[in-house]
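Shown next, in structure tokens, is the structure this report addresses.
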Amino acid sequence: MTLLVLVPFAGALITAVMPARPKLWAFGFAIATLVVGLVTMFTAPDTDLVWMEPLGVHWALEMDGFGKLMVLLTVALVPITMVAAVKDHDKRWYAWALALEAFALLTFLAADLFVFYIAFEATLIPAYFMIGQHGGPHRARAALKFLMFQLGGGLVLLGALIGFFVVSSDAGSPSYLISDLAQLDIGTTAQRWIFVAMFIAFAVKAPLFPVHTWLADTTEQATTPTSVLLVCVLDKIGTFGMIRLCLGLVPEASAWATPVVVVLALISIVYGAVLAIGQDDLLRLIGLTSLSHFGLITLGIFAATREGLVGAILYMVNHGVATAAMFLIAGFLISRKGTASISSMRGLEKATPVLAGTFLVAGLATAGLPGLSQFVSEIMVLISAFDYHWLVGVIAVTAIVLAAIYVLWAYQRIFTGPAQLSRRPVSDLDRREVGVLVPLLVALLLFGFVPGPLISAAQPVVAPLVDVIQAGE
Amino acid sequence: MFESPGISYATLWPVLLVLAVACAGVVVEAFAPRAARFNTQVSLALAGLVAALAGTVAVGAGSALGASTGEGALVIDGPGVFSQGLVLLVSLGGVALFAERRLDNGVSAFAGQAAALPGTSAERTASQRGLEHTEVYPLMMFAVGGMMLFCISGDLLMLFVALEVLSLPLYLLTGLARRRRLLSQEAALKYFLLGAFSSGIFLYGLALVYGFAGSMSLADIGEVAAEEGSGPLLLLGIGLMAVGLLFKTGAVPFHSWTPDVYQGAPTPVTAWMSAATKIAAFAAMLRLFYVAFGTEGDIWRPAIGVVAVLTMLLGASFAIVQTDVKRMLGYSAVAHTGFLLTGLLGVQTDAFGSTQAVLFYLTAYGFATLGAFAIVSLVRGPNGEVGSLDRWAGLGRTNPWVAATFAVFLLSMAGLPLTAGFIGKWGVFAAALGAGQWPVVVVAIGSSIIAIFFYVRVIMLMFFTDPREDVATVSTPSYATTVVIALSALATVVLGVIPGPVLSLLVDAGGFIG
């Protein structure tokens, strides 16, 4: 299982020094990671080696159903993004992307909190350079803002990490294995502090209101392949951590904090969607829709019913696919028009029917149209929201209406209406671009009609969490 | 009848060797011809340090560990010997940086003739003749000897003597910069005056503590304090002695010399001093507070806690507004003192406790600061080193390797995972939190966030900003400096990825003994 982390990491190093055809090498390593990922998913045993004995740190990796879904999402998205990025990114980006993949996979595999933390923080360095080296004119500022938010969150998480060490060494010998930490009997006050620290860190990552402000700036300035890796892979670590660590390790404190978290999630849902409607910059728009989606995911997690959690896990996968498609399509569009401003585009559906069609499909998937993937997960989350409290459900449902508005209105402004008279004719998607989008769109349809396998992968992970929480109540 | 104290030469010879090499250096200065001095001094210093390091390792691995010698004046225990070894390691790097002559047209970073007034014809003559001060090596060796004694001092007098032996050469070395000499001399004077005051205060406190306990030995003081409880004499003594040590480590409110001295001193001196002094001072401080004042923890912990909070906040905030890289690193050193003091708040345990945390932090910080200042000495313009951060903009494009290495050191100081600084930070925070000092840890986390901002801003400047017309250039150094930088970077990364062996070594070394 260590191999799954080592392959992309080695790939990053090799890509960085390879003088000839580095992008091809990077792509090769991404494919190799995909293969290794698929193989380890079914065959590899868990890893558990002592790493730093005095601190109780183990190099421990394992993959449960939830981990498998996240690994699958990651290893699939990276090569797709690489193909999309080929024209306007140099080899530095490819090397960083592989490094990012390695650390992201490590967070999803980690069975030791210390390892999780190290990977959690280490993802930021590649992400920082990916934002800073390619993108809009203000990318350095955006990269700095991104990094400050994330590192701030990370340091707060460090507080929780140390708290666990103190509790664990008081109880005997220190150990950071998540399975050992789950056995600890942590006092109520300590548990609440640890929860608050972890939740802040994951809320910054995910992101949630009110620590979301880095998101739109980053997606606006970064290139779209970078945004895909950030929003669709990296941000998932936030919600992944909420489930794995908040619910898994401090369930009582999680139940204690649920009302506040639910309110924050609701604000994120509505506020993100309303802001998205008002955006003129297409990339900001997509970034803010994610704020709304992460609100829904968080709501599903903390409503803490079986449907809610399964829905949230599914949502993480589906949002990853749908938003990746949205970003990439937007990127193709922007590379043709040279601007991300919606108001400077109109009537493009005649010149670029394929582009318009894929945008509509991906957009409607984002908006939760039945038959496309996100619908199933959204319904499950909403059911759990109504279970939690009818008012919460009512507010959360507005997300669907608002999502329809921002997707369709953006479509209307960009693609319908009289065509622009342009000196430069706008060409439709070429074969490479279609090739990038086909797997994503197929996945959207497939997961929409056949969500069964995803649900059955998530079920066994969710059941014990829900049991613990309901026992606590 | 007076009995002469028994001295265990078998465990003390590394210290004595360093001091002997220092004396030999003075003799060389007097008798060797000018042309031969540089090579003689450098090889003497290097050989002495390597032999002393080997000796220290042998002592650390030997059976004599845990004994005191010289009637308890010197204590050979695990943490003490570890910090001695650390001092020797960074001093080896220091000698290599001192000996760098390739950066500035074949002369070292030290003034040609320190006695020549700046701007006079005497100075020009000295420069033209290519004079240089090879006295810096014996001076440095005296300081190293003092630091090694400071790490293992078991009584108050030895503590004071060691403090003076290590301080006086530092004052001199600070004033010896070849370029911007007025700045350097001002820094030296400031350092000397404030240092002299703080030594006086330290001595006063020492006398009061002796008055309380009737003994110079730290272990005896600890016993008396445990039996009789504290008294006004002891409290006052603790306070005054703490002032002396806090001054050396650059803690607020005794920090004001730090940025000036870091900026004014020749960069090789800054590199070595920032690492070595901090190691020695914290080793002595740990021993003093745990062995002698261990029972008075309820009294000094809150006070040190307040100092730590102020030091972290002030150091980190002031570093943000600095425009000179050496001053910025100076204020960052202040902030690091605060983090180290946070670690001091913990307790000694058999497992991973305060001592281990602080010593690991010192290891991580020592290598990072040595390497960072070594790189600062490479970044130059027509008039010597370029301190102004504006002119560092775009360095990542013109010199990616140098900028990347500098980034590694900065990230380690910022405490990012997979660098040594992260484990160090984790350790000191864990030690303090384990002792229930959560308010200080909260402030420490807040200060870390502030500190990250200025470290990352430099990285942003180097990599994401377009180079200006007068962008600084990177001179090619000799092998010695390259090796120092490479090894420091390697240590920073290796200690971050596999800290296990060093951590185990520290745990095995145990705590300070009386």
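Read the figures in this text as sums done on the coordinates, not as results from a lab. Values in this document were obtained by computation on a predicted structure and should not be read as measured data. Cβ coordinates were reconstructed from backbone atoms using ideal geometry, including for glycine residues, and neighbour counts include every protein chain displayed.
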Between B:SER43 and B:ALA303, the two model label points (7 Å from Cα along the beta-carbon direction) sit apart by a distance in nm of 5.2 nm
Measuring from its Cα centre, the protein assembly as shown shows a charge dipole (+1 at each Lys and Arg Cβ, -1 at each Asp and Glu Cβ) which, in debye to the nearest 20, is 3740 debye
Per DSSP, the loop-located chymotrypsin sites (Phe, Trp or Tyr not before Pro) within the stretch B:1-56 having at most 13 other beta carbons within 10 Å are B:PHE2
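Using a simple charge model, +1 on the beta-carbon of Lys and Arg, -1 on the beta-carbon of Asp and Glu, nothing else, what dipole does the stretch B:296-392 show about its Cα centre, in debye to the nearest 20?
Working: 5 positive and 6 negative charges, 70 e Å.
Using Cβ point charges on Lys, Arg, Asp and Glu, the stretch B:296-392 gives about 340 debye.
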Expressed in angstrom and rounded, the centroid-to-centroid distance over alpha carbons for the stretch B:305-373 and the stretch A:424-445 is 53 Å
Taking placed amide H atoms and a strict 5 Å upper bound, the residues 5 or more places from B:GLY511 or on another chain that come that close are none
Cβ-Cβ cut-off under 14 Å around A:LEU282, Lys and Arg +1, Asp and Glu -1: the net charge is +2
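List, in the order given, every pair from A:LYS145/A:LYS337; B:LYS248/B:LYS425; A:LYS68/A:LYS205; A:LYS205/A:LYS337; B:LYS248/B:LYS326; B:LYS190/B:LYS326 whose Cα-Cα distance in the structure shown is over 23 Å. Walk me through the intermediate numbers first.
Working: A:LYS145/A:LYS337 28 Å; B:LYS248/B:LYS425 21 Å; A:LYS68/A:LYS205 21 Å; A:LYS205/A:LYS337 31 Å; B:LYS248/B:LYS326 18 Å; B:LYS190/B:LYS326 17 Å.
Too far apart for the 23 Å limit: A:LYS145/A:LYS337; A:LYS205/A:LYS337.
Grab the DSSP H runs of chain A that are 4 residues or longer, score each as -39,500 (n - 2.57), total them, divide by all residues and round the 222 nm result to the nearest 500 deg cm²/dmol. Intermediate results must be reported in sequence, preceding the final value.
On the way: 21 runs with 355 residues, N = 473.
Computed ellipticity for chain A at 222 nm equals -25000 deg cm²/dmol.
Going by how many other Cβ atoms sit within 10 Å of their own, how do B:THR311, A:THR358 line up, fewest first?
Working: B:THR311 29, A:THR358 23.
Fewest-to-most ranking of B:THR311, A:THR358: A:THR358, B:THR311.
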Taking A:252-265, B:407-420 and ranking on average Cβ neighbours within 10 Å, highest first, one gets B:407-420, A:252-265
Answer in debye to the nearest 20: the dipole magnitude of chain B about its Cα centre, from +1 Lys/Arg and -1 Asp/Glu charges placed on Cβ, is 1720 debye
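Average partner chain C-beta neighbours within 10 Å, per residue of A:152-165?
On the way: counts 7, 1, 6, 12, 4, 1, 11, 7, 0, 3, 13, 6, 1, 7.
For peptide A:152-165, the averaged partner shielding equals 6.
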Mean Cβ-within-10 Å packing, highest first, puts peptides A:431-440, A:51-60, A:376-385, A:181-190 in the order A:376-385, A:51-60, A:431-440, A:181-190
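Which whole number gives the average count of other chain Cβ atoms within 10 Å of the Cβ atoms across peptide B:444-456? Present the calculation step by step, with values, prior to reporting the outcome.
Values: counts 3, 8, 3, 1, 5, 8, 2, 1, 6, 5, 0, 1, 6.
Mean number of neighbouring Cβ atoms from other chains: 4.
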What the Cα atoms of the protein assembly as shown span along the principal axes, largest first and in whole Å, is 103, 66, 45
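Summing -39500 (n - 2.57) over the DSSP H runs of n ≥ 4 in chain B and dividing by its residue number, what mean residue ellipticity at 222 nm do you reach, to the nearest 500 deg cm²/dmol?
Details: 20 runs with 364 residues, N = 514.
Roughly -24000 deg cm²/dmol at 222 nm, from the helical runs in chain B.
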With R₀ set to 60 angstrom, the calculated FRET efficiency between the beta-carbons of B:LEU236 and A:ASP46, to the nearest 0.05, is 0.50
Restricting to Cα pairs under 8 Å and 6 or more apart, the percent relative contact order of the stretch A:1-96 works out to 37 percent
Residues other than A:GLU62 with Cβ under 10 Å of its Cβ, Lys/Arg counted +1 and Asp/Glu -1, net out at -4
The stretch A:209-359: relative contact order from alpha carbon pairs under 8 Å, six or more residues apart, as a whole percent, is 29 percent
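How shielded is B:419-432 by partner chains, expressed as the average number of their Cβ atoms within 10 Å of its Cβ atoms?
Details: counts 1, 0, 0, 5, 4, 0, 3, 7, 4, 1, 8, 10, 2, 2.
Mean shielding by partner chains, rounded to a whole number: 3.
What does the extension gain come out to for A:TRP256 and A:ASP185, with contour length at 0.36 nm per residue minus their alpha carbon separation? Please list the in-between numbers first.
Working: separation 71, 0.36 × 71 = 25.56 nm, distance 1.65 nm.
Contour length minus the Cα-Cα distance gives 23.9 nm.
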Per-residue Cβ contact counts at 10 Å, fewest first, order B:LYS248, A:LYS87 as A:LYS87, B:LYS248
In nm, the gap between the two label points placed 7 Å beyond Cα toward Cβ at B:ILE7 and A:SER344 is 8.1 nm
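I'd like the FRET efficiency for A:ILE31 and B:SER388, computed as 1/(1 + (r/R0)^6) with the beta carbon distance as r and R0 of 45 Å, rounded to 0.05.
Values: r = 47 Å, r/R0 = 1.05.
That gives a FRET efficiency of 0.45.
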If R0 = 25 Å, then A:LEU6 and B:ALA404, at their Cβ-Cβ distance, give a FRET efficiency to the nearest 0.05 of 0.70
The alpha-carbon center of the stretch A:338-396 and that of the stretch B:208-265 are separated, in whole Å, by 67 Å
In the neighbourhood of A:VAL317 defined by beta carbon distances under 15 Å, the net charge of the other residues (Lys, Arg +1; Asp, Glu -1) is -1
Ranked on Cβ counts within 10 Å of their own Cβ, fewest leading, A:ARG21, B:ARG301, B:ARG380 go A:ARG21, B:ARG380, B:ARG301
Descending packing, highest mean Cβ count within 10 Å first, for A:100-113, B:381-394, B:47-60 is A:100-113, B:47-60, B:381-394
Simple SL model, points at 7 angstrom along Cα→Cβ for B:LEU505 and B:LEU182; separation in nm is 4.6 nm
Long-range amide H partners of B:ASP155, meaning residues 5 or more apart or on another chain whose placed amide H is closer than 5 Å, are B:LEU218
